[in-house]
Amino acid sequence: MQKELHVAIIMDGNGRWATRRGLPRVAGHRAGIASVRRVVERAPDLGIRRLTLYAFSSDNWRRPVDEVESIFWLLRAYLRLETESLREHGARLEFIGRRDRLPPLLVREIARAEYATAEGQCLHLRIAVDYSSRDAIARAVAGVTAALPLELLSADLLGRMLAQALTAESGEVDLLIRTGGEKRLSDFLLWESAYAELLFTDRMWPDFNATDLEAALGEFNRRERRFGGIPEATALRLVRDGSGRGHDPKSADQLTSGL
């Protein structure tokens with residue numbers, strides 16, 4: 001089992017889960033909180049060191065006002081009920097995304113929870129609220145260009161500085177899971193997921209449990225990640241028979257390295 005993994009989850013399907021049961025959509029969001037608890041508790045045992053959950057996108061402001069208010073209320077309730085448990089289990093909580101548009105009571109609860117769990121070492125739990133990856137990238141670009149004169153910025157330097165700004169603390173995503181049957185990224189961790197393995201499941205988020213997470217990690221571990229290179233066995237064969245001389249390989253490591 002691999003260690004130090006960064007897993008990101010688009011927690012989709014809450015509303016449809018509730019609608020199919022004749023319940024209001026908020027009931028699905030409430031049920032989804034239990035799934036968060038199950039996944040967070042199981043994650044460290046599966047080698048997950050960083051877990052990023054997509055709770056509320058910047059596009060979700062388009063939803064009905066009462067649904068948005070219910071989501072924010074549930075987030076506050078989750079923080080009040082779970083912060084101490086997260087601290088005891090060594091989880092460090094961090095919220096990513098904009099805070100200037102969130103209700104002040106929620107912002108205060110976020111700050112309190114982040115402070116209370118700041119020393120956690122077992123799991124870095126990140127919750128994306130009012131989050132847009134495009135916006136995060138744009139803000140990172142603005143920060144870089146404000147720090148350096150444009151005439152000093154090459155494309156390579158800009159890329160390295162953006163990578164530092166966007167992934168220095170969280171690292172790149174290894175596995176991105178989306179529940180609910182849809183197959184798109186929805187403006188979530190676009191830069192960080194450049195080489196992530198993608199897994200889409202029809203299971204609605206309220207039904208997603210620790211067994212599903214373990215199965216997703218099993219699928220991940222069966223995949224061969226090449227990062228733009230070729231399979232190691234192929235590289236060794238090319239080195240052995242000389243077929244790779246056209247690229248002047250000095251070792252199989254060069255053939256299997258990323259672009």
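Bear in mind these aren't lab numbers, they're just calculated from the coordinates by the rules spelled out. All of these numbers come straight from a predicted model, not from anything done at the bench. Virtual Cβ from ideal backbone geometry, glycine too; neighbours counted across all protein chains shown.
Might you report the magnitude of the Cβ-based charge dipole of the chain about its Cα centre, with Lys and Arg at +1 and Asp and Glu at -1, to the nearest 20 debye?
For the chain, the charge dipole is close to 460 debye.
When the helix-only estimate is applied to the chain (DSSP H runs of n ≥ 4, each -39,500 (n - 2.57), divided by the residue count), what is the mean residue ellipticity at 222 nm, nearest 500 deg cm²/dmol?
About -14500 deg cm²/dmol.
Which residues does the label zone of Ala146 cover in region 90-109, counting backbone N under 17 Å from a point 7 Å along Cα→Cβ?
Residues passing the 17 Å test: 97-101.
May I ask for the angle, rounded to the nearest 10°, between helix 155-167 and the longest principal axis of the chain, with both axes built from Cα atoms and the value confined to 0 to 90°?
Helix 155-167 and the main axis of the chain meet at about 40 degrees.
How large is log10 of I(q)/I(0) for region 48-184 at q = 0.21 Å⁻¹ when the intensity is taken from the Debye formula with one equal scatterer per alpha-carbon?
Calculated log10 I(q)/I(0) at the listed q: -1.34.
Find out how many positive minus negative residues lie around Thr117, taking Lys and Arg as positive, Asp and Glu as negative, among other residues whose Cβ is under 12 Å from that of Thr117. Mind dumping the intermediate values first?
Values: positive: Arg87, Arg92, Arg112, Arg126; negative: Glu82, Glu84, Glu88, Glu94, Glu114, Glu119.
Within the 12 Å Cβ shell, the charges total -2.
Once you've got the GNM for the chain with C-alpha springs shorter than 10 Å, pick whichever of Leu199, Leu150, Leu79 has the biggest mean-square fluctuation.
Residue with maximal mean-square fluctuation among Leu199, Leu150, Leu79: Leu150.
Go ahead and run the numbers for FRET between Asp156 and Thr19, Cβ-Cβ distance against an R0 of 35 Å, rounding to 0.05.
For R0 = 35 Å, the calculated efficiency reads 0.10.
Picking from Arg38, Arg139, Arg240, which is most flexible by a Gaussian network model of the chain using Cα springs under 10 Å?
Among Arg38, Arg139, Arg240, the largest GNM mean-square fluctuation belongs to Arg240.
I'm a student and want to see the number: the projected area of the Cα convex hull of the chain, averaged over all directions, in nm².
16.8
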